[in-house]
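Single-structure report; data block below.
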Amino acid sequence: MAGKRSAGGSTGARFSRFRRKRSDDYWDNPTPTWRRRLWKFTKWSMITGLVLTLIAIAGFIYLYKTTDIPEPNAELLTNATFVYYQDGETEIGRFATQFRDSLDYEDMPQNMKDAVVAAEDKSFWTNSGIDPKGIVRALFNNASGGSQQGASTITQQYVKILYLTQERSYKRKVKEAILSLKIQREYSKEDVLAGYLNTIYFGRGAYGIEAAADVYFNKKAADLNLREAAVLASILNNPNNLDPADGKAVRQDLKGRFQYVIDSMASEGYITDVEAAKARKKLPPFPEQDVEDSYGGQTGHALTLIKNQVLGLTKEDGTPFTEEEIDGGGLRITTTLTKKAMDAAKAGVNSVRPKFKGTDDLHIGAASVEPGTGALRGFYAGQDYLDSQLNWAILGGQAGSTFKPFAVATALKEGYALKDTFDGNSPYETEDGLEFENQGDEDYGSAVSLTKATQDSINTAFIDLTVEMDDGPEKIIETAESMGIPPEKARKKDAYGIPTSSPGLEPITGVALGSQTVSPINMANAYATIANGGTAADVFVISKIEDANGKVLYEHKVTNHRAISADIASDVSYALQQVAESGSGTRANLDDGRPIAGKTGTATKTGGAVSSSWFAGYTPQLSTAVMYVRGEGNGQLDGWLPASAEDGAQGYFGGNYPAKTWKAIMTRDMAGVEIEQFPEPAFVDGEPPRDGHAPYTPPPTSYNPGNNNGNNNNGGGNNHTSEPPPEIVTTDPTEEPTTSNPPPSTTNPPPSTSNPPDPTSDPPDPTSSAPPSPSNPPGQLQRQRGRERRRGRRSPASAA
């Protein structure tokens, strides 16, 4: 036994020594530092994560136990949104309260239920009311700065609609998840889906599938077919931007979402692949949109414009307005519109509008804007909204010669003066072979002043002006945009104008002749810049938006900038006053004698047919633009629009119906308004970029009444004497640019009449005696032909 104990002891001693040795070795040669730190970090991370998880679970359980299902949102009992004129009291109209007709689950069409589940929440029938994976994905995306994602199941969406707000916060998401779990426990899946389909917003003021089926397809929800159900399931995803009535581009977007819904239904087994292949080919037909009678006349156009403008605004808290808020949020919207200006536009148009067979194809757009603020005071959109929802005050047409004032302003900025001269003969051929004509191919002389060119709307002079400036087309566009004409494509940031783009506004040689499409609203606002001494303001129609309790959610702040100098504005205004005093716009003059300034415009398309007719002008207090177009906006006016019965003026002439309409509108607008004068012209005179445009001075002539063939003959007889030169009479300062024509010359061949006028300038007044056609003064033609001209390309649809 002793031996065994000794042996055992020996073994224990050896083991003890071994342990001491390993321990000593461990401390003498410790594990590398990074391994120890990694192990320590991992251990504490796991402990911390476990603790946090337990805390989160405990917190969630506590919140779950203490959170009760609240009463449904009061917003479900929505209030109408009221829209007011500028005074904030006179009502324009109101937006519909919630249009809802609830259905029982059993009465809902199966294809509608299947389409919504397939599109919005594929796991609806099996999930617990929330989607953990989706929530984690959304949290990660939002935390990393990506676009905000909801990751909401149908149950969560229903909870948000029924009990919560549209606020985007983690607190609301947590509450949404808790309530979703509770709803899931207390209500069946069928109840949740039925509640969702009865409350979700589909656009057009429709809440729930029964209302949606009515406003989109004029039928009961129970009668919806597969394609119609798929369309509604598509629209509810984004009702603001997927309404098929909003045009071809929107329909294309809708079709993409529609095909996704159909494919999802097939992948989930709700329909067969054969049914899907057949259904996804095209959208179902949409009946004509049913419009409420409260939208009749111009009211519907006004309310539609107002709603679209509100949807583009952001509240003071940084969140955008939604269609749901507008249609049922009880808002109070105060606009810039005045009843006086709206009534003036309607009455003015109706008093002048010609009546003839086919007049329903004639469209008139008009708009009035206040200089200095950009406030839209009134407009006329066209036909009764119940007959046509197209707003021609927004759609616009080719600008024609109403675009020429922007070229005048550009020329003055570049150093030219109103007295400087440009080639007014027709046709005008550019260096690269492009040819431009005046109306009727008429010659006005090779040296017509810029004032005269504006007064008589001489196309060739404006082409000469454009090519005689470095980057002339680009600079004209830059000036126009600065004065209030939106660019060809809307800006992604800081967009302006109604609408925010001017299709066709390209830097071409004929840009001043107006082939681009401009709305009357934007044209009136750009002319308001001239009336306001060169300071431009963004046009707007929404002044203030309040909630039902009177809290201000949005208030407009006028934004303006210096577009052109005050001196240049006064000179442009002076030139436009000549248009009304003795040019193509005399029919626009107001009977009370107050000064006006304006410009006629007649645009042509390829082939020479007149496609639009304009008059745009202003007093110091108000700027108004009037446009006449036909059909889809580019129908032929000449030969169709009848001549005036009272004076025989050509129907398509901008100085006829548009000028008379402008007068009728402004007469009503200016009633009771104090007469104000325009600033005196500054007659700016800088350093022009090209030589050869000095004012034309007639050559001196001798006058001797007693001279007969060079000999004195006091007895009279056949005196072959030169008559004294005609006196150029002017009441303006001597530096005022001459508007008289140079003496005739026989150096030019007679004008060709074989080609159609393309582009056209404003035709001369057929009721007035035409002045003798001026031609080139001696030496001017050769000098003009020898000028260096810029290259350019011709507009596909030129105008004047």
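The values are calculated or read from the model by the stated rules, or taken from the named source; none is laboratory data. Bear in mind that the values here come from a model prediction, so they are computed numbers and not experimental data. Cβ placement follows ideal geometry from the backbone for every residue including glycine, while neighbour counts extend to all protein chains displayed. Just the protein is used for accessible areas: all its heavy atoms, side chains included, with ligands, DNA and RNA removed. Shrake-Rupley method; radii C 1.70, N 1.55, O 1.52, S 1.80 Å.
Miscellaneous remarks
- A viscosity of 0.890 mPa s and a temperature of 25 °C, combined with the Kirkwood radius over C-alpha pairs in the Stokes-Einstein formula, give region 366-506 a diffusion coefficient of 144 µm²/s.
- Listed residues Ile326, Asn308, Phe356: farthest to the positive end of the dipole of region 286-358 (Cβ charges): Phe356
- Listed residue (Thr479, Thr466, Ile498) projecting farthest to the positive dipole end of region 454-507, Cβ model: Ile498
- Among 329-338, 33-42, the order from most to least packed when residues are scored by Cβ within 10 Å on average: 329-338, 33-42
- Given their separation in residues at 0.36 nm each and the Cα-Cα distance between them, Arg37 and Asp360 gain 107.7 nm when the chain is fully extended.
- Residue-wise HN-Hα coupling along region 562-571, computed from phi with Karplus coefficients 6.51, -1.76, 1.60 (Hz; x: Gly, Pro): 7, 8, 9, 5, 5, 5, 5, 4, 5, 6
- Å² of accessible area per residue within region 538-604, as computed with a 1.4 Å probe and no ligands counted: 37 Å²
- Label positions at Thr559 and Leu313, each projected 7 Å from the Cα along the C-beta direction, are separated by 1.4 nm.
- For the pair Asp494 and Asn225, a Förster radius of 51 Å applied to the C-beta separation gives a FRET efficiency near 0.70, rounded to the nearest 0.05.
- Residues whose placed amide H lies under 5 Å from that of Phe99, excluding near-sequence neighbours: Tyr207
- Residues in region 352-392 that a label on Ala645 would reach, taking backbone N under 13 Å of a point 7 Å out along Cα→Cβ: 352-357
- Computed from phi, the 3J(HN,Hα) profile of region 207-215 under the Karplus parametrisation 6.51, -1.76, 1.60 (θ = phi - 60°) reads 10, x, 6, 5, 5, 5, 4, 6, 6 Hz, with x in place of Gly and Pro.
- Computed from the Cβ-Cβ distance with R0 of 51 Å, the FRET efficiency linking Thr667 to Glu268 stands at 0.20.
- Using distinct alpha-carbon pairs, which all enter the 1/r mean, Kirkwood radius of region 415-468 in Å: 10.8 Å
- Multiplying the residue separation of Asn549 and Asp471 by 0.36 nm and subtracting their alpha-carbon distance yields 22.6 nm.
- If the convex hull is drawn through the Cα atoms of region 566-643, its volume per residue in Å³: 128 Å³
- All lysines inside 30 Å of Lys43 as judged from Cα atoms, apart from same-chain residues fewer than 8 positions distant: Lys21, Lys133
- Between amide H atoms placed 1.01 Å from N, distances below 5 Å from Leu553 occur with Ile545, Glu546, Asp547, all of them 5 or more places distant or on a separate chain.
- On region 612-704, 48 percent of the accessible area sits on carbon and sulfur atoms, based on a 1.4 Å probe.
- Database remark: amide H of Gly651 closer than 5 angstrom to the amide H of Ala643, Ser644 (H placed geometrically; neighbours at sequence offset of 5 or more, or on other chains; Pro and chain starts carry no H).
- At a probe radius of 1.4 angstrom, the accessible area of region 629-687 per residue rounds to 47 square angstrom.
- Highest average packing first - 319-325, 400-406, Cβ atoms within 10 Å: 400-406, 319-325
- Which listed pairs, of Lys404/Lys452; Lys248/Lys282; Lys122/Lys219; Lys413/Lys475; Lys315/Lys544, have C-alpha distances above 18 Å, in listed order: Lys122/Lys219
- Magnitude of the charge dipole for region 544-690, about its Cα centre and with charges confined to Cβ atoms of Lys, Arg (+1) and Asp, Glu (-1), is about 480 debye.
- Multiplying the residue separation of Arg353 and Thr322 by 0.36 nm and subtracting their alpha-carbon distance yields 7.3 nm.
- Rg/Rh (Cα only; Kirkwood hydrodynamic radius) as it applies to region 188-259: 0.97
- Listed values for region 579-589 are Karplus-derived 3J(HN,Hα) couplings in whole Hz (6.51 cos²θ - 1.76 cosθ + 1.60, θ = phi - 60°), namely 4, 7, 6, 8, x, 7, x, 5, 6, 8, 4, and x replaces Gly and Pro.
- Values of log10 I(q)/I(0) for region 469-537 across q = 0.16, 0.21, 0.26, 0.28 Å⁻¹ run -0.51, -0.87, -1.22, -1.31, by the Debye formula with one identical scatterer at each alpha carbon and no solvent.
- Spread over its residues, the convex hull of the C-alpha atoms of region 561-704 is 248 Å³ per residue.
- Positive-end residue of Pro620, Gly655, Gly631, charge dipole of region 610-669 with Cβ unit charges: Pro620
- Accessible surface ranking that places the most exposed of Phe124, Phe82 first, with a 1.4 angstrom probe: Phe82, Phe124
- Per-pair calculated FRET efficiency, R0 = 25 Å: Asp87 and Ser388 via Cβ, rounded to 0.05: 0.30
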